[in-house]
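Below is one structure; the comments refer to it alone.
Nothing in this text is a laboratory measurement; each read-out follows from the coordinates by a stated rule. Everything numeric here is computed off the predicted structure, so don't read it as measured data. A quick note on method: Cβ atoms are made from the backbone with ideal geometry, for glycine too, and the neighbour counts reach across all protein chains shown.
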Amino acid sequence: MPVVLSVSRAAVPPEHVAEYLATLRALSRALRGRGQRLWVFRHPSAPGTYLECSEGGDARLHRVNAPKDGAESALEARLRALARYEPDARVLWDEVPLEDR
C-alpha cells in the first residue's frame with residue numbers, strides 16, 4: 001500500500017505551546033481512527049519551531065484533503081490560530097518504494 005506524507009513546519013509562540021500540543025494530541029487520536037498517523041518534532045535549538053508529519057495511505061483521505069467532521073475541523077482551525085505555518089504546509093509527498101513489495 002502506498003504512503004503519502006505531509007510535513008508542516010509550524011512556529012508557535014511560547015504562550016501557545018501547551019494548547020498547541022494538546023490540540024495535536026486530540027487531532028492525532030482522530031486521525032488514528034481513520035488509519036493515519038501524526039508525529040510532532042521540536043527543533044532542538046529554535047524554541048517554538050515544530051514539524052508536524054502526517055502519514056496516510058490514500059491522498060484523498062489524508063489530513064490535508066479528507067472531508068472532516070465538525071470536531072476535526074475545529075481542531076485544524078485551532079491549530080491555524082495557535083501557530084504560523086510555512087506556505088507549503090499542505091503539500092503531499094508520495095512514497096518512493098525502495099524495496100519490492
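Odds and ends about this structure:
- When region 38-63 is filtered for residues that are touching a strand residue (DSSP E or B) at 6+ places or on another chain (Cβ under 9 Å), surrounded by fewer than 15 Cβ atoms within 10 Å (Cβ to Cβ) and charged (D, E, K, R), only Arg42 remains.
- Filtering region 85-95 to residues that are within 19 Å of Asp58 (Cα to Cα) and either over 20 Å from the mean Cα position of the chain (by Cα) or surrounded by 12 or more Cβ atoms within 10 Å (Cβ to Cβ) (or both) leaves Ala89, Arg90, Val91, Leu92, Trp93, Glu95.
- Criterion: closer than 16 Å to Leu21 by Cβ, without any contact (Cβ under 8 Å) to a residue 60 or more places away in the chain and not β-branched (Val, Ile, Thr) - qualifying residue of Pro87, Pro67, Pro47: Pro47
- Any hit, region 64-72, residues being charged (D, E, K, R), in a loop (DSSP other than H, G, I, E, B) and out of contact with any strand residue (DSSP E or B) (no Cβ under 8 Å at 6 or more places or on another chain): yes
- Odd one out for Arg34 among (1) part of a helix (DSSP H, G or I); (2) more than 13 Å from the chain's Cα centre (by Cα); (3) not polar (S, T, N, Q): (1)
- Restricting the first member to region 1-30 and to residues that are within 30 Å of Asp100 (Cβ to Cβ), and the second to residues that are aromatic (Phe, Trp, Tyr), the beta-carbon pairs closer than 6 Å and six or more apart or on different chains are Leu5/Trp93.
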